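Peer 1: So that we are looking at the same thing, I have put the structure below in structure tokens.
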Amino acid sequence: MTVAPEDRTGVLCAGTLLVDYGKIIDAYPSRDGLATIGQISRSTGGAALNMAMDLRRLGAMFDVGLVGCVADDDDGAHILEACTQAGVDVRSVSVEPGATTAFTDVMVEREGGRRTFFTYMGTNGLFELSAEGLDGSRARILHAGNLGVHPLMDHPGVDGHSGWSRLLAAAQARGMHTNLELASLAPDRLAALAGPCLPHLDSIIVNELEGSALTGTSVSAPGADDAVDWVAMEDLARGLIERGVSTIAVVHFPAGCVAATSDGRGWRQGSVQLAPSEVVSTTGAGDAFAAGVILGLHEGRSVDACLRLGAAAAAACIKDSHTSNGIVSAADCLATAEAVGYRKARS
């Protein structure tokens, strides 16, 4: 089935599906030390699943579909039920008998919400999506991620291209807008996995560590209220465009975000000025930010409007321990952010 680009609508989210077990701890211990767990929650998680759920919570009026793998266990049933309740299409999610659904133990420090992740690959190790798997999709945007936890997709073939780069190229050939989200792996591994994908991307949304790995630089972001080298952040976004991203590259960090487009333009946006006491957990904040940007791109909003919505969605997310439950409608996220105010985006 050939679908003209102008007839495409919706977002197809492909890749990582898992359950996050969030555990609020008093402080991260030293090796052989002890930490006290004060709260435990179970949330949907993973780059593909979070994008799908967050788009629905933001009020996306278009189709949102999911492609990935879960097991026929309790966590798999939890994911499928949550998606059904949210209105996410799970017809392309395979259920693997006798396997274990992927999960992550997320240790969240009570003060400040910093996180440490311990993940079990589970059914993510079984995920594979070929070009032919896109033939029935009418989606306008393919959102893919995460590289590094899907061995069947990560492995390079004899042509040197991985399943990810071949999938993204096939999506573009079908007239889909392609977007990639990453996990913060070791820089060399991240560059090796994601570098070949860049020429097959219309957009990319990453944090400063991921952007540094892909551009071969070293840029670190300070705390949300510390001074930021905005020029260096803009260079990261421009570097991603120079390495093949065809339309827009976005880099986010605690104090805000920047964007660069292929026509040479750049944007800066400060994050929402939440008080430290309002930050419960930063788990899922990057996915929420990405969902705000993707929603804006699908709706044809301006770049600065997309960045504001991303920042507002991330701020809503981190006020709740659940990966997605803090997110409300796009209009409500923006209204709350405007009432609180955004940080100044200046050097």
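Peer 1: What does a probe at Ala331 reach in region 56-79, counting residues whose amide N is under 16 Å from the point 7 Å along Cα→Cβ?
Peer 2: Those under the cut-off are 57-62.
Peer 1: Pop the C-beta distance of Lys344 and Asp72 into the FRET formula with R0 = 51 Å and round what comes out to the nearest 0.05.
Peer 2: 0.50
Peer 1: Using a 7 Å offset from the Cα along the Cα-to-Cβ direction at both Ala173 and Ala305, what is the distance between the two label points in nm, to one decimal?
Peer 2: 3.5
Peer 1: Which percent, nearest 5, of DSSP beta bridges in the chain are antiparallel? Write out the running numbers ahead of the final one.
Peer 2: Working: 26 of 59 bridges.
Around 45 percent antiparallel, to the nearest 5.
Peer 1: Please check: in the Gaussian network model of the chain (C-alpha springs, under 10 Å), which one of Gly145, Gly125, Gly157 has the largest mean-square fluctuation.
Peer 2: Greatest mean-square fluctuation among the candidates belongs to Gly157.
Peer 1: Quote to one decimal, in nm, the extra length available between Asp159 and Asp263 on full extension: 0.36 nm per residue of separation minus the C-alpha distance between them.
Peer 2: Details: separation 104, 0.36 × 104 = 37.44 nm, distance 3.14 nm.
Stretched fully, the Asp159-Asp263 segment lengthens by 34.3 nm.
Peer 1: Suppose R0 equals 35 Å; then what is the FRET efficiency for Arg138 and Ser220 from their Cβ-Cβ distance, rounded to the nearest 0.05? Show your work: numbers first, answer last.
Peer 2: Values: r = 41 Å, r/R0 = 1.18.
Result of the calculation: an efficiency of 0.25.
Peer 1: To the nearest 0.05, how large is the calculated FRET efficiency for Glu111 and Asp7 if R₀ is 35 Å and r is the Cβ-Cβ distance? Provide the component values of the computation, followed by the final result.
Peer 2: Values: r = 50 Å, r/R0 = 1.44.
The calculated FRET efficiency here is 0.10.
Peer 1: Applying a 10 Å radius around every beta-carbon, put 294-300, 19-25, 58-64, 30-36 in order of their mean neighbour count, most first. Write down the numbers at each step before the final one.
Peer 2: Details: 294-300: 19.7, 19-25: 21.3, 58-64: 18.1, 30-36: 8.3.
Result, highest mean first: 19-25, 294-300, 58-64, 30-36.
Peer 1: OK, next. Is the shape of region 51-184 best called rounded, prolate or oblate, per the rule: a/c under 1.5 gives rounded, else a/b larger than b/c gives prolate, else oblate, with a ≥ b ≥ c the square roots of the Cα gyration tensor eigenvalues? Don't skip to the answer; put the middle values down first.
Peer 2: Values: a/c = 1.43, a/b = 1.23, b/c = 1.16.
It is rounded, given that a/c, with a ≥ b ≥ c, falls under 1.5.
Peer 1: Would you pull out the residues with amide H under 5 Å of Ala183's amide H, same chain only if 5 or more places away, H placed 1.01 Å from N?
Peer 2: Residues meeting the amide H criterion: Leu147.
Peer 1: Provide the packing ranking of 161-173, 105-117, i.e. peptides ordered by the mean count of other C-beta atoms within 10 Å per residue, highest first.
Peer 2: Packing order, densest peptide first, comes out as 161-173, 105-117.
Peer 1: Taking springs between alpha-carbon atoms closer than 10 angstrom, which of Arg308, Arg57, Arg91 fluctuates most in the Gaussian network model of the chain?
Peer 2: Looking only at Arg308, Arg57, Arg91, the largest GNM fluctuation is found for Arg91.
Peer 1: Using Cα centres only, tell me the gap between region 25-71 and region 113-171 in whole Å.
Peer 2: Here the answer is 18 Å between Cα centres.
Peer 1: What order, most packed first, do the peptides 280-287, 330-337 have when packing is the mean number of other Cβ atoms within 10 Å of each residue?
Peer 2: Values: 280-287: 25.4, 330-337: 18.2.
Result, highest mean first: 280-287, 330-337.
None of the figures in this text is laboratory data; all of them are computed from the coordinates on show. None of these values were measured; they are calculated from a predicted model. Cβ atoms come from the backbone with ideal geometry, glycine included; neighbour counts cover every protein chain shown.
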